[in-house]
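Reviewing the structure listed below.
Rule-based calculations on the coordinates, nothing more; no lab input. Please read all numbers here as calculations on a predicted model, not as lab measurements. For neighbour counting, all protein chains shown are included, and Cβ atoms are generated from backbone atoms with ideal geometry for every residue, glycine included.
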Amino acid sequence: MKTLLGLLLLVPGVCAFSETLPDWFIPLREAVYEQKLTSGEIVPLYREISGIANSSLSGTARFLMLSRCEYMMGRAYLFEEKKQQADSHFTEGMKFAEKALEIQKSAEGWQMLAENLSQACSVRSTAFVMTNGLNVEKYSKNAVSINSRNAAARLMIAARWVYAPAPLNNYKRGLEMLSAIINECDMDKDDLFNVYLGFGYVYTQQKNHDQAEQWLLKALSVYPTNKFAKSLLVKK
């Protein structure tokens, strides 16, 4: 079995990503991750791109893209701690993902259901999290069972070990899973950022300042203006 050090040696200095999403969707994702615009400034972009999804797509593809749009808009509100507005979008995102899955079971459908649910858990009651939280990993594993190279789904599985509070986290296991994602998965730009951020977060928590800085700078090379990554770099 490879050691953690061996796994990390496989991680290249700069990893490649290959966009799988339509060009017209990318501006919404970029606006959310760049964090240069307010949620109010992102709303017109969200409406425009949701409109394109509605008019240009049909069936499963339409519901999946609408789920993505809701997820992104929810993330924009969540960063500003506008929990009610964020929850509304994550709820709609889950509904669209469920509609897609009703038509056809797919890795992306399970992924989008898990991603919207994961974020909904961050804004809802403890009772909701207790009842639904474990489904995030369940749905993510459903996605991986269909497509083992789905980086976003595998990131959500790893997040349990990376971001959970002590004693529920397991940083060694989390780092191993993040390394495997880099070496084994197909990644969009935001997936690459989230993997780098995960490494930076773990090393920040472990007070390994040199490693934290290395990985957070990698994350900021993807999205230089991301405020959360910058905040971790300051805390290192």
With the cut-off at 1.5 for a/c, could you classify the stretch 116-182 from its C-alpha gyration tensor as rounded, prolate or oblate? oblate
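Note down the net charge around Ala143, summing +1 for each Lys or Arg and -1 for each Asp or Glu among other residues with Cβ under 9 Å from its Cβ. Provide the component values of the computation, followed by the final result.
On the way: positive: Lys141, Arg154; negative: Glu108.
It works out to a net charge of +1.
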In degrees rounded to 10, the 0-90 angle between helix 209-222 Cα long axis and the longest Cα principal axis of the chain is 30 degrees
Tell me, how many Å apart are the Cα centres for the stretch 12-90 and for the stretch 194-230? 23 Å
Residue span Phe228 to Met130: 0.36 nm per residue of separation minus Cα-Cα distance leaves a gain in nm of 32.6 nm
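For the chain, what's the relative contact order in percent, using C-alpha pairs closer than 8 Å and at least 6 residues apart?
On the way: 322 pairs, mean separation 44.2, N = 236.
After rounding, I find 19 percent.
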Relative to the compact globular guide of 2.2 N^0.38 Å, what is the alpha carbon radius of gyration of the stretch 38-132, as a ratio? 1.06
